[in-house]
Amino acid sequence: MINFLLKRLLAIIPVLLGITLLLFFMLRMLPGDPAQVLAGQMASPQDVEMIRTQLGLDQPVYIQYASFLNRLVHLDLGLSARTQNPVIQEIWARLPNTILLSLCAITMACVFGIPAGIIAAVRPYSWVDYLVTIASLFGISMPVFWLGIMLMIVFSMTLQWLPAGGIGTWKHLILPTVTLASFVVAFIARMTRSSMLEVLSQDYVTTARSKGLKENLIIIKHALKNALIPIITVVGLQFGLLLGGAVLTETVFAWPGLGRLIVDSILARDYAVIQGSILIFGLLYTLVNLVVDLIYAFVDPRIRYE
Amino acid sequence: MKAGMAPLLSIVGLKTSFHTLDGTITAVNGVDFDVYPGETLGLVGESGCGKSVTALSVLRLLNPSMTTIHGQVNFDGKNLLSLDPEEMRMIRGGTISMIFQEPMTSLNPILTVGEQISESLRLHEKLGRKKAWEKAIQMLEIVQIPSPELRVGEYPHKLSGGMRQRVMIAMALSCNPRLIFADEPTTALDVTIQAQIIRLLEHLKKGSNTSIVLITHDLGVVAQMASRVVVMYAGRVVEEAPVVELFHDARHPYTKGLLKSVPVLGGDKKTRLNEIPGIVPNLLHMPKGCSFHPRCSMTMDICKKESPSMIHFNKNRRVACWLATDDF
Ligand SMILES: Nc1ncnc2c1ncn2[C@@H]1O[C@H](COP(=O)(O)OP(=O)(O)OP(=O)(O)O)[C@@H](O)[C@H]1O
Ligand SMILES: [Mg+2]
């Protein structure tokens, strides 16, 4: 087990290296000159050149990459070209907001999506099942920004119950959470339904019935536990994606998270911040995956890590 | 069979239909038979003839929204088909239990063997957790699983097919049922393991008064274990006889065909000699008249027009065939 953990943690390093490499060269293929963007339209060519030298962008790309890696080893992600703050600090200011919002959204998705999926699977083709199907169809296909704006119009502008944006109290969390979770709730409900339906048709469920167990016990103890195994993966992957920053939701509700930081940095060609944020995102994503694998081994006795 | 004894289970006119997208499939169509206390009844027939569906109908394990069941299943003075679902539930696993065909998929992969045996015991025998666990170990010992104290805590994937089937048997026996449906308990196993499991069932049978309905298409197993045999074809009973009479004096052409297709002992297990020609009819398009007539070598005109009624020779001997007469 410990060995497995160590191996997996070590395996993160090449993954992250791969991410940085891809990212580094892709960024530099983007149109637009960061020095020019930073200096502004009015700047003289000399100023632009000076900024370019300052950022090290006058060096060949491989030298830039080498010095990026060198700094990375010392846990230094560099300075933001836009704000002159250390990139770490920029990310650190946003990350807790993103994690908070993602956690709320994924919790809501599980709390509503899993039971909805179970109920739909237990009574397939009943009116509840159709209700869940229709609702999840809406959830999956509704554009996030449209849903966000509609919620905002109804709950903050018309009813004035909830703030329209920003952070601070739990009330600020509600609309972004609902907006962000709508897709995931629907997705998890669909996955749970199909996974449950499959498990309910397994021989061991018939065996459980032949023993005279109560239907509720069969559903929870015999079926749900098995059906959850694939759901865990879905929840993990979705959570990983949410951590990457919900760009649209964060923009609609002026939520200061990682997603908006990345978008703002891309617009400003702020290479250091983009690289740093994506790297952190990659790290979180691989860690979430590792946790999912560990949960797997915990839930499914057939899986053992050596 | 046992004169004067009242049957433990008496199935009368059982008819089970599935409502599918293609139409209604009547998988069991008017089946009657009795099971007496303590006996082993063989229920044989080719794949798809409705053996499993009969057992599942008796235990009411088929999805009620997709199936309709008619007829009577009298057990212990009650018609199981008219019990309310809660009463029926308490009979399942307690008084009547079932052993399934596929030991590889019939155990829950994420619950320990002990848990799966002891949950029945907690429910039906009202044992506490600890007592039920101890009894589970005892049951594993009874079905001759080596080092039961260790095995009890293991998950099914650690056990071989034969071991799993032993666990299924332990589960089915755990609450001292009065009747067990063993649905092809050995079909999925290797030949040597099959023999072991049959020997185990025989051994367990000796010391108890439990009745067994042994479902199989292996007539060798029937010869070894059953005292009476009911032969099914396409959802109906076509013949019933005590086992010795069946092997020496089968009356229905289908039964005769089945007997001829028994693999020769010591011969190549895979090649069945004299397979009955033709295929089992599609339940959606049943032939007119006797459902066996397209495959029968002795078809007469009447066989194509009307389906034969059951002729009872004596209490344990009946045949549904136009050729069958009292002086057969
Ligand atoms: N849930 C179901 N829905 C529709 N048809 C079914 C269903 N279950 C069984 N059948 C049909 O009923 C018929 C009888 O099936 P059954 O399982 O009883 O056969 P069997 O005699 O047990 O055969 P085998 O030896 O292969 O186990 C088959 O034609 C099968 O296709
Ligand atoms: Mg069967």
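The values are calculated or read from the model by the stated rules, or taken from the named source; none is laboratory data. Here the structure is a predicted model, which means the values were calculated and not measured. Counting neighbours? That spans all protein chains shown, and the Cβs are built from the backbone with ideal geometry, glycine included. What goes into the accessible areas is simple: the full protein's heavy atoms, side chains included, and nothing from ligands, DNA or RNA. Shrake-Rupley method; radii C 1.70, N 1.55, O 1.52, S 1.80 Å.
Restricting attention to region B:57-81, the residues that are among the aliphatic types (A, V, I, L, M), in contact (Cβ under 8 Å) with a residue 40 or more places away in the chain and either more than 16 Å from ligand 1 (Cβ to nearest atom) or open to solvent by less than 40 Å² (accessible area, probe 1.4 Å) (or both) add up to 4. Pairs linking a residue in region B:142-165 that is away from chain A (no Cβ under 13 Å) to a residue that is among the basic types (Lys, Arg), with Cβ atoms under 8 Å and 6 or more positions apart or on different chains, are B:143/B:166; B:144/B:166; B:145/B:151; B:145/B:166; B:163/B:151.
Residue B:10 - would you say it is touching a residue at least 40 places away in the same chain (Cβ under 8 Å), within 12 Å of another protein chain (Cβ to nearest Cβ) and either crowded, with 17+ Cβ neighbours inside 10 Å or more than 12 Å from ligand 1 (Cβ to nearest atom) (or both)? In short, no. Scanning region B:17-42 for residues that are part of a strand (DSSP E or B) and open to solvent by 50 Å² or more (accessible area, probe 1.4 Å), we see that the one that is nearest to ligand 2 (Cβ to nearest atom) is B:20.
If you go through region B:206-219 and keep only what is surrounded by 18 or more Cβ atoms within 10 Å (Cβ to Cβ) and more than 16 Å from ligand 1 (Cβ to nearest atom), you end up with B:210, B:211, B:212.
For region B:201-266, which fully contained helices (runs of 4 or more DSSP H) count at least 2 residues that are more than 23 Å from residue B:322 (Cα to Cα)?
Details: elements: B:219-225, B:243-248, B:253-260.
Counting at least 2 such residues, we get B:219-225.
One residue is enough: does region B:41-58 have a residue meeting the conditions within 9 Å of chain A (Cβ to nearest Cβ) and modelled with pLDDT of 95 or more? Within region B:41-58, one or more residues are within 9 Å of chain A (Cβ to nearest Cβ) and modelled with pLDDT of 95 or more.
So for region A:122-131 (the condition being touching a Phe, Trp or Tyr at 6+ places or on another chain (Cβ under 8 Å), free of Cβ contacts under 8 Å to residues at least 60 places away in the same chain and part of a loop (DSSP other than H, G, I, E, B)), does at least one residue qualify? Give the steps one after another, and end with the answer.
First, the residues of region A:122-131 that are touching a Phe, Trp or Tyr at 6+ places or on another chain (Cβ under 8 Å): none.
No: region A:122-131 contains no residue that is touching a Phe, Trp or Tyr at 6+ places or on another chain (Cβ under 8 Å), free of Cβ contacts under 8 Å to residues at least 60 places away in the same chain and part of a loop (DSSP other than H, G, I, E, B).
Looking at region A:250-306 only, could you name the residues that are of a type in the set (Asp, Glu), away from chain B (no Cβ under 14 Å) and surrounded by 16 or more Cβ atoms within 10 Å (Cβ to Cβ)? Once the filter is applied, which keeps residues that are of a type in the set (Asp, Glu), away from chain B (no Cβ under 14 Å) and surrounded by 16 or more Cβ atoms within 10 Å (Cβ to Cβ), region A:250-306 yields A:250, A:270, A:293. Out of curiosity, is residue B:190 over 29 Å from residue B:90 (Cα atoms), open to solvent by 20 Å² or more (accessible area, probe 1.4 Å), away from every other protein chain (no Cβ under 14 Å) and within 16 Å of ligand 2 (Cβ to nearest atom)? Considered against the rule, which asks whether it is over 29 Å from residue B:90 (Cα atoms), open to solvent by 20 Å² or more (accessible area, probe 1.4 Å), away from every other protein chain (no Cβ under 14 Å) and within 16 Å of ligand 2 (Cβ to nearest atom), residue B:190 comes out as no.
Looking only at region B:81-94, decide whether some residue is within 16 Å of ligand 2 (Cβ to nearest atom) and either at pLDDT 95 or above or of a type in the set (A, V, I, L, M, F, W, C) (or both).
So in region B:81-94, the residues within 16 Å of ligand 2 (Cβ to nearest atom) come out as none.
No - not one qualifying residue is present in region B:81-94.
If the condition is being more than 13 Å from chain A (Cβ to nearest Cβ) and aliphatic (A, V, I, L, M), then region B:104-135 contributes only B:127.
In a residue-by-residue description of region A:156-168, the property of being over 22 Å from residue A:116 (Cα atoms), in a helix (DSSP H, G or I) and touching a residue at least 60 places away in the same chain (Cβ under 8 Å) applies to no position. Considering each residue of region A:138-161 in turn, none proves to be closer than 30 Å to residue B:168 by Cα, over 22 Å from the mean Cα position of the chain (by Cα) and open to solvent by 70 Å² or more (accessible area, probe 1.4 Å). Across region B:82-103, the qualifying residues are those that are open to solvent by 40 Å² or more (accessible area, probe 1.4 Å) and without any contact (Cβ under 8 Å) to a residue 40 or more places away in the chain, and the one among them that is farthest from the other protein chains (Cβ to nearest Cβ) is B:82. Say we look at region B:13-56 and pick out the residues that are of a type in the set (D, E, K, R) and more than 12 Å from the chain's Cα centre (by Cα); which of these is nearest to ligand 1 (Cβ to nearest atom)? Within region B:13-56, the match that is nearest to ligand 1 (Cβ to nearest atom) is B:46.
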